[in-house]
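Have a look at the structure below before the remarks.
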Amino acid sequence: MSQVPQVLGALLLLAAFAAAQAGLVDDTKISYLAANAVGSAILAAIAYADHNWGFLLLEGTWALVSTISLGQRNFGARAGHASATSRPAVCPAELSMRPSRSVTLIGDELSNPQRLIRLLRNSYATSQGRQWLQPHVIWWALTFLRDNGVRADFDVLTDPELRRKIIEMPLPVGHGAVEPAGHAQQNFDLWWSILIDIARTVYTPRWRRLLSGRRRSLPNYAELRNRTTSLGIHPWMSSATYEEVSAIAQSLAVIDEYTRRGGADSDQVMSEVLLPELLLAEIHWLKAPSGRPGGTDAAGADIVLLRRYATVVNRWSDDRYLDPYDHMYLRAGDVLESLPPECPSSVPCTADMIRQMYDTIRRADASPARP
């Protein structure tokens with residue numbers, strides 16, 4: 001048999017592998033999966049013709065897994081995930097998001113210990129004290145980094161010395177005392193483990209999850225409760241009540257559902273999940289009788305989303321480095337500034353819900369007094 005098909009199949013596999021190792025393509029992308037599926041299928045066909053059964057088993061399995069991953073990735077990208085996650089219907093117009101601004105990253109955001117410490121620490125402030133929001137803030141940041149070619153160094157992420165530094169982090173300036181003693185360290189330990197779980201989910205190729213046979217990548221409520229107990233965190237402590245742990249588990253279940261259906265890029269996470277939740281957190285603090293703790297203006301509304309967007313727009317214009325959460329505010333604000341027309345459908349959709357909440361916080365921001 002001619003060597004041309006064999007060489008072609010091998011080149012497809014090697015090119016995909018080399019591109020993934022060089023960070024030129026993510027191994028969950030359609031182009032990577034397609035190259036693997038076609039290349040391994042060619043080699044499997046040649047192995048069958050040559051009665052090379054061991055090679056057929058290897059390449060046939062590789063082709064099958066790649067094809068399944070490709071089909072599910074493609075299905076997930078087109079199907080939308082609103083029905084699976086009990087979210088409002090998605091209007092076609094709202095998926096036409098403004099092109100992203102240019103992104104400049106250093107590339108060591110998930111390998112430099114100091115940047116990793118800041119990634120976890122800043123997730124607290126970005127979540128505005130809402131435990132159910134923090135997993136999705138971290139999810140978006142990790143997905144954004146993956147989409148922009150930043151590779152995760154799991155040797156660093158799982159380094160015991162880094163974990164020790166995480167646990168010993170001081171509380172943010174102005175944060176109230178946390179009781180009992182040591183609870184803040186236990187909480188940091190819990191969230192560091194959750195960040196690693198989400199990173200594995202975001203960066204693990206779909207075919208590898210299929211081979212593992214696991215339907216879930218992230219801990220459910222019972223597993224989270226066991227984890228908190230093993231860390232010495234009990235339900236009567238702040239940030240670990242049954243309601244809070246249940247809310248964290250629900251947020252992780254949303255990530256799992258998207259992952260099971262092929263994954264999502266950072267724009268999809270933003271428009272369908274994170275942006276509505278960021279707006280909801282703002283409205284929560286607007287309605288809170290005492291306002292936001294540590295707010296910048298006691299006489300008026302402190303809308304973090306609007307304030308941070310204005311700040312990072314200026315930083316981006318000055319070509320200054322933006323960390324992942326800066327980019328989160330930049331992308332969220334850009335989406336809000338370019339919302340599509342009202343949904344023509346009689347079925348409520350995400351864009352309409354976002355528009356209503358955005359109007360609410362803009363009115364509050366323009367008002368001289370808190371609503």
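The values are calculated or read from the model by the stated rules, or taken from the named source; none is laboratory data. Note that the structure is a prediction, hence the values are computed from the model and not measured. Here Cβ is always computed from backbone atoms with ideal geometry, including for glycine, and neighbour counts include all displayed protein chains. Remember, those area values only see protein heavy atoms, side chains included, never the ligands or the DNA or RNA. Shrake-Rupley method; radii C 1.70, N 1.55, O 1.52, S 1.80 Å.
I'd like the full set of residues that are open to solvent by 20 Å² or more (accessible area, probe 1.4 Å), assigned to a helix (DSSP H, G or I) and more than 9 Å from Gly9 (Cα to Cα), limited to the range 36-52. Once the filter is applied, which keeps residues that are open to solvent by 20 Å² or more (accessible area, probe 1.4 Å), assigned to a helix (DSSP H, G or I) and more than 9 Å from Gly9 (Cα to Cα), the range 36-52 yields Ala45, Tyr48, Ala49. From the list Thr259, Thr311, pick out the single residue that is at pLDDT 95 or above and open to solvent by 10 Å² or more (accessible area, probe 1.4 Å). Only one candidate passes the filter, namely Thr311.
What do you reckon, is His284 surrounded by fewer than 16 Cβ atoms within 10 Å (Cβ to Cβ) and touching a Lys or Arg at 6+ places or on another chain (Cβ under 8 Å)? Judged against the criteria, His284 is a match. The single condition from (1) modelled with pLDDT of 95 or more; (2) in a loop (DSSP other than H, G, I, E, B) that Gln128 fails is (1).
Taking the range 238-250, which residues are part of a loop (DSSP other than H, G, I, E, B) and open to solvent by 30 Å² or more (accessible area, probe 1.4 Å)?
Ser238, Ser239, Thr241
Give the residue that is modelled with the lowest pLDDT, with candidates limited to residues of the range 194-237 that are open to solvent by 60 Å² or more (accessible area, probe 1.4 Å) and polar (S, T, N, Q). That would be Ser212.
This table checks each residue for (1) at pLDDT 95 or above; (2) polar (S, T, N, Q).
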| position | (1), (2) |
| --- | --- |
| Asp159 | yes, no |
| Pro172 | no, no |
| Ala177 | no, no |
| Gln185 | no, yes |
| Trp192 | yes, no |
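Determine if the range 136-155 includes at least one residue that is under 18 Å from Pro113 (Cβ atoms), open to solvent by 40 Å² or more (accessible area, probe 1.4 Å) and not in a helix (DSSP H, G or I). Checked against the condition, which is being under 18 Å from Pro113 (Cβ atoms), open to solvent by 40 Å² or more (accessible area, probe 1.4 Å) and not in a helix (DSSP H, G or I), the range 136-155 yields at least one hit.
With respect to the stated conditions, Tyr329 is of a type in the set (Phe, Trp, Tyr), open to solvent by less than 50 Å² (accessible area, probe 1.4 Å), closer than 16 Å to Leu133 by Cβ and modelled with pLDDT of 90 or more.
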